[in-house]
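This report concerns only the one structure given below.
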Amino acid sequence: MTTTTSNLLRAERIKLFSTRAPWWCLALAFVAPLGFTALFFALAGPEIPATVGNTQLASGNGRTVLLVLAVLTTASEFGWGTMRLTFQAVPGRVPALLAKVTIIGAVGAVLGLVVGFGAWGVGTLVQPDADLALHSGAEWRSVLGQSLVFLLTAVAGVGVALLLRNVAFALTAVLVWTQLLEGLVVFIPGAGRHIYQWMPFHAADQFVGAGGFGAGALQLPAAPLGPWGYLGYFAAISVALFVAGVLVTARRDA
């Protein structure tokens with residue numbers, strides 16, 4: 001690692017954790033999924049099986065908060081003018097943006113790992129008689145896979161922020177998409193259930209196996225991709241958003 005790259009990563013780390021907002025976001029992204037998982041397993045009846053995949057049903061709450069964090073830490077730099085100062089120090093711009101997504105992505109990966117194992121641990125504590133041991137590769141993927149999903153979620157959040165540059169617009173976009181549009185698509189008559197199979201965060205849930213219970217309730221058709229295919233699809237969307245954001249930022253005034 002060159003000195004310049006090391007300095008860029010250090011600068012982005014300092015900028016990320018220089019305010020309280022990221023710490024509050026990370027705390028909420030951890031507490032919300034674990035709290036929901038505890039309630040879910042405590043109140044679930046016998047018709048809802050206690051499986052490793054079901055311990056991850058609330059991981060979407062953590063992903064949404066991570067999206068908010070990625071948007072806040074990126075788009076706010078345009079509003080406060082710190083992005084302009086960064087680009088004055090790094091005229092090429094791309095290395096600075098890569099350093100930013102590396103730091104936020106790394107934070108997301110660690111957060112996903114903690115959320116995945118934390119939710120699984122909560123499930124085993126609330127229902128100690130259930131067999132929630134990690135026996136198979138699919139069960140390990142449900143828990144460990146959260147790290148990859150959260151990393152890619154952070155990349156997507158940075159990309160949206162770079163494209164829109166405005167905190168309010170970017171937050172509205174990610175929240176409306178995750179909390180409203182993806183859930184409403186499935187109710188479109190005829191094609192809705194098929195379109196829903198290609199929604200990005202549904203794809204993320206399919207990779208970690210957190211969408212099985214919801215798929216049964218919504219009577220979704222057979223999944224068009226396998227778990228790793230869905231991960232590749234989600235990764236392609238996340239990286240495409242970031243690349244588009246980098247290209248737009250490289251050509252526009254900061």
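The values are calculated or read from the model by the stated rules, or taken from the named source; none is laboratory data. All figures in this text were calculated on a predicted structure; none of them were measured in a lab. When we count neighbours, we look across all protein chains shown, and the Cβ atoms used for this are built from the backbone with ideal geometry, even at glycine. Each accessible area value is taken on the protein alone, full model and side chains, heavy atoms only, with ligands, DNA and RNA left out. Shrake-Rupley method; radii C 1.70, N 1.55, O 1.52, S 1.80 Å.
In table form, for the structure just shown:
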| read-out | value |
| --- | --- |
| Residue count for region 219-253, restricted to those that are out of contact with any Pro (no Cβ under 9 Å at 6 or more places or on another chain) and either of a type in the set (A, V, I, L, M) or closer than 13 Å to A161 by Cα (or both) | 19 |
| Count of region 29-56 residues which are under 18 Å from A109 (Cα atoms) and among the hydrophobic types (A, V, I, L, M, F, W, C) | 5 |
| Residue match in region 100-111 (condition: open to solvent by 40 Å² or more (accessible area, probe 1.4 Å), part of a helix (DSSP H, G or I) and in contact (Cβ under 8 Å) with a residue 40 or more places away in the chain) | yes |
| Extreme residue, least open to solvent (accessible area, probe 1.4 Å), among residues of region 155-199 that are of a type in the set (S, T, N, Q) and in contact (Cβ under 8 Å) with a residue 12 or more places away in the chain | Q197 |
| G45 vs. criteria in a helix (DSSP H, G or I) and open to solvent by less than 40 Å² (accessible area, probe 1.4 Å) | no |
| Region 1-21: number of residues that are under 17 Å from T82 (Cα atoms) and either in contact (Cβ under 8 Å) with a residue 12 or more places away in the chain or touching a His at 6+ places or on another chain (Cβ under 7 Å) (or both) | 8 |
| Which listed residue, of L66, L85, L132, L125, is open to solvent by less than 10 Å² (accessible area, probe 1.4 Å) and more than 14 Å from the chain's Cα centre (by Cα) | L132 |
